[in-house]
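J.: One structure, pasted below without further comment.
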């Protein structure tokens, strides 16, 4: 189902006051998605890329994070060669840099925000994307054999929400399960909150890689490359390995704090 716009929820025509306060106002809406890994963030990037008014950028701070943290991720050397590793330059030239469309959608990982001046967050519209940590670690361990709380990123997301609130923002929160249960309803509400018209083109895309994919895509994006839209949510059949159960329990309080305020699927659409 592509083309056209979908209606705002009944009685809603503008974003509720205080949901986002980018300062100073700019001609370009700089929409920063702060996710964790394996949270359907790439599918969301592909979704926004279908909008005619939107340009997308894939994890521009990844090389900065790898350089600063020393994290041994798949394709680390390739990422460091291909991408600018100075986070301050990335913020200046990409996050806040020129854009030829009214909306600049940036997919980020919250834990990439290390050793950076975060003042730029006052000039961006910020959104959090979370997922049940039990679902995250089952798939994350395929890329990172022994993931840690830092790798999951949920603590960094919760702390980022606190920081944004202290600055006067109330970032919308997406939960991967809710998005997959009701893409049209959840994305429609997200668009309303950030001041965009809903666009049905966001619900489907062609299969295969995209020119804007990061060089790390071959290590992480095999599932989304096979997709043509948001896949129906189903419970994971694979149980988390016993050795990762303590990590899941460590993540749960951080996840619960954010999940309580996540945009919900419409009851009639949840599936």
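J.: Take the residues of the stretch 218-242 that are in a helix (DSSP H, G or I) and in contact (Cβ under 8 Å) with a residue 12 or more places away in the chain: which is surrounded by the fewest Cβ atoms within 10 Å (Cβ to Cβ)?
T.: As a first pass, look at the stretch 218-242 and keep what is in a helix (DSSP H, G or I): 218-220, 222-226, 242.
The next check asks that each one be in contact (Cβ under 8 Å) with a residue 12 or more places away in the chain; those that pass are 218-220, 224-226.
Details: 218: 14, 219: 16, 220: 21, 224: 22, 225: 15, 226: 10.
Here the answer is 226.
J.: If you don't mind, there's one more thing I want to ask. Could you grab me the full set of residues in the stretch 249-262 that are in contact with a helix residue (DSSP H, G or I) (Cβ under 8 Å, 6 or more places away or on another chain), within 24 Å of residue 186 (Cβ to Cβ) and in a helix (DSSP H, G or I)?
T.: Selection gives 251, 252, 254, 255, 257, 258.
J.: Taking the options 160, 149, 164, name whichever one is modelled with pLDDT under 95 and over 24 Å from residue 51 (Cα atoms).
T.: Values: 160 fails: modelled with pLDDT under 95; 164 fails: modelled with pLDDT under 95.
Among 160, 149, 164, only 149 is modelled with pLDDT under 95 and over 24 Å from residue 51 (Cα atoms).
J.: Separate question: As an exercise: evaluate residue 196 against (1) out of contact with any strand residue (DSSP E or B) (no Cβ under 8 Å at 6 or more places or on another chain); (2) part of a loop (DSSP other than H, G, I, E, B); (3) surrounded by 15 or more Cβ atoms within 10 Å (Cβ to Cβ) and give the number of the one condition it does not meet.
T.: Among (1) out of contact with any strand residue (DSSP E or B) (no Cβ under 8 Å at 6 or more places or on another chain); (2) part of a loop (DSSP other than H, G, I, E, B); (3) surrounded by 15 or more Cβ atoms within 10 Å (Cβ to Cβ), the lone unmet condition for residue 196 is (1).
J.: Checking residue 91 against (1) touching a residue at least 40 places away in the same chain (Cβ under 8 Å); (2) crowded, with 22+ Cβ neighbours inside 10 Å: exactly one of these is not met. Which one?
T.: Only one criterion in (1) touching a residue at least 40 places away in the same chain (Cβ under 8 Å); (2) crowded, with 22+ Cβ neighbours inside 10 Å is unmet by residue 91, namely (1).
J.: Here's a follow-up. Can residue 119 be described as over 18 Å from the mean Cα position of the chain (by Cα) and part of a helix (DSSP H, G or I)? Walk me through how you get there before you give the answer.
T.: Numbers: over 18 Å from the mean Cα position of the chain (by Cα): yes; part of a helix (DSSP H, G or I): yes.
For residue 119, the condition - over 18 Å from the mean Cα position of the chain (by Cα) and part of a helix (DSSP H, G or I) - is met.
J.: Of the residues 167, 134, 145, which single one is in contact (Cβ under 8 Å) with a residue 24 or more places away in the chain, farther than 18 Å from residue 107 by Cβ and either touching a strand residue (DSSP E or B) at 6+ places or on another chain (Cβ under 7 Å) or surrounded by fewer than 17 Cβ atoms within 10 Å (Cβ to Cβ) (or both)? It would help to see each step written out before you state the result.
T.: Details: 134 fails: either touching a strand residue (DSSP E or B) at 6+ places or on another chain (Cβ under 7 Å) or surrounded by fewer than 17 Cβ atoms within 10 Å (Cβ to Cβ) (or both); 145 fails: in contact (Cβ under 8 Å) with a residue 24 or more places away in the chain.
The match here is 167.
J.: OK, next. Can you tell which of 113, 128, 104 is closer than 14 Å to residue 176 by Cβ and in contact with a strand residue (DSSP E or B) (Cβ under 9 Å, 6 or more places away or on another chain)?
T.: 128
J.: Can you tell me which residues in the stretch 85-116 are over 21 Å from residue 165 (Cβ atoms) and assigned to a loop (DSSP other than H, G, I, E, B)?
T.: Scanning the stretch 85-116 gives 85, 86, 96, 97, 98, 99, 100, 101, 102, 115.
J.: Out of the residues in the stretch 52-62 meeting the condition of being touching a helix residue (DSSP H, G or I) at 6+ places or on another chain (Cβ under 6 Å) and in a loop (DSSP other than H, G, I, E, B), tell me which one is nearest to residue 214 (Cα to Cα).
T.: 60
J.: A further question on this structure: Before we move on, is residue 82 surrounded by fewer than 18 Cβ atoms within 10 Å (Cβ to Cβ) and free of Cβ contacts under 8 Å to residues at least 24 places away in the same chain?
T.: Details: surrounded by fewer than 18 Cβ atoms within 10 Å (Cβ to Cβ): yes; free of Cβ contacts under 8 Å to residues at least 24 places away in the same chain: no.
Against the criterion (surrounded by fewer than 18 Cβ atoms within 10 Å (Cβ to Cβ) and free of Cβ contacts under 8 Å to residues at least 24 places away in the same chain), residue 82 does not qualify.
J.: So, one more: Looking only at the stretch 135-187, which residues are under 13 Å from residue 258 (Cα atoms), in a loop (DSSP other than H, G, I, E, B) and touching a helix residue (DSSP H, G or I) at 6+ places or on another chain (Cβ under 7 Å)?
T.: 153, 171, 172
J.: A further question on this structure: Would the stretch 26-41 turn up any residue that is assigned to a loop (DSSP other than H, G, I, E, B) and modelled with pLDDT under 60? Working first, answer last.
T.: First pass over the stretch 26-41, keeping only residues assigned to a loop (DSSP other than H, G, I, E, B): 26-28, 36-40.
Those left that are additionally modelled with pLDDT under 60: 26.
Looking for residues that are assigned to a loop (DSSP other than H, G, I, E, B) and modelled with pLDDT under 60, one finds at least one in the stretch 26-41, hence yes.
The values are calculated or read from the model by the stated rules, or taken from the named source; none is laboratory data. Only a predicted model underlies this, so the values are computations on that prediction, with no experimental measurement involved. Note: ideal-geometry Cβ built from the backbone for every residue, glycine included; neighbour counts use all protein chains shown.
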